[in-house]
1. Run the accessible area of region 188-289 with a 1.4 Å probe and give the carbon-and-sulfur part as a rounded percent.
2. Within the set of other residues whose C-beta is less than 14 Å from the C-beta of Pro325, count the net charge using Lys and Arg as +1 and Asp and Glu as -1.
3. Share of antiparallel DSSP beta bridges in the chain, in percent to the nearest 5?
4. Report, in deg cm²/dmol and to the nearest 500, the calculated mean residue ellipticity at 222 nm for the chain, where each DSSP H run with n ≥ 4 adds -39500 (n - 2.57) and the sum is divided by the residue count.
5. Label Phe290 and Lys239 with points 7 Å out from Cα along Cα→Cβ: what is the distance between them in nm?
6. Report the one residue of Leu278, Gly331, Trp235 whose Cα lies farthest in the direction of the positive end of the charge dipole of region 231-357 (charges on C-beta: Lys and Arg +1, Asp and Glu -1; origin at the Cα centre).
7. Express as a percent, rounded to the nearest 5, the fraction of DSSP beta bridges in region 89-210 (both residues included) that run antiparallel.
8. For region 76-134, which GluC sites (Glu not before Pro) are in a loop by DSSP, counting at most 16 other Cβ atoms within 10 Å?
Amino acid sequence: MKKGFLVVMPLIVILLGGCWDEAQYKDVTIVPVMGITKEDEGVKANFSYPTFENGEINYSKSEGKGLSTREAREDANHRTMEALDISHLEVLLVSAEIAKEDLYEPLDQFFRYPRNRITSYIAIVEGDMEQYFNPSGELKTDIADFYPELLRTAVLYTYVAENTLGETAKLLLDESMDLSLPYIIINENEIPTIEGIALFSNKHFTGKTLKKQEAILAAIMKKMQGRYTRLTYEWKEKKSPITIEIINVNRKMKISNGKIDVNYVIDLSVEEFPKNDLYKKETRREAEIFLADKIKKDFEAIIKKTQEAKSDIIGFGRRVHAFHPELWKRGKWQETYATIPIEVDVKVKMKRTSILD
């Protein structure tokens, strides 16, 4: 009996000990949305968090300033009834101004504490951070719900890549591929909206962006489509739309003599084509050639823009780094990428047209 008790007792002590990182929710307030921007030589942080009054949930806002993101949060803690807890953060907004410097520096604190969530969304915003926490337009919901849903939808429809805090950190430290992040602006209705993606070179925002349609094409180029990936073109000279959805993308890359050749074979379905004669083989073939030519030109335009920004968001450098050391060792990859010749070829295969065909 004594022996059994001595064996079981340590187990009971361990089980009753609780979690080492336990936090009482009565002592903290969860922050779902946070923003950071440059303030003199330091950082200004904005926070949106829930408050409970008369059985209802409302959202309050707070801000703090400091030399670092961590110090700015501590400063904001002095203005709230409970400590601000970012371990369940859903969205981090970063001003374009601070992103043009070393982006990793203000993000460092998110990776130092094991309770912090690194699956939070991150986006770059244009202009004053205050307008994103107090937009003039009618959102019909609080920003704590608005921003996560805005970004989730954008990922679903391939407007942006799913770059979480964790993925962002990996790309910021990756010498062979550059980062792109959702780029949010305030539109004419005074409502935050995703304009496209921000291009980074190494750890710095270049100040250059790709528009929404270009961002979709860039995702296709790196084979990182969301659930829905749709493109619309104007069919010939007749101002009639042809809308396609990408089913699958195959990519082959060849690197030789300091040049990159990339071949794409794209399977797609036709979502809209009012002319409705794709059942004819000649029309179908004509449409495939037309779309291949359009997509090829768009791919070439994206390569040109990213080379001008010295931003290899497609990831050509990863193949160069792995298999072509002589090319990789020419110098800093972003500088090499800006000048290297890249040829693109595209073939299109229509797999589905309509239920009438």
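1. On region 188-289, the fraction of accessible area on carbon and sulfur atoms equals 42 percent.
2. +2
3. Close to 70 percent.
4. Result for the chain: -9500 deg cm²/dmol, rounded to the nearest 500.
5. Between Phe290 and Lys239, the simple spin-label model gives 1.6 nm.
6. Value computed over the given set: Gly331.
7. In region 89-210, DSSP labels about 65 percent of beta bridges as antiparallel.
8. Sparse-neighbourhood loop GluC sites (Glu not before Pro): Glu82, Glu101.
The values are calculated or read from the model by the stated rules, or taken from the named source; none is laboratory data. Worth saying up front: this structure is predicted, and the values here are computed from it rather than measured. Note: ideal-geometry Cβ built from the backbone for every residue, glycine included; neighbour counts use all protein chains shown. Calculation scope for accessible area: heavy atoms of the full protein, side chains included, ligands and nucleic acids excluded. Shrake-Rupley method; radii C 1.70, N 1.55, O 1.52, S 1.80 Å.
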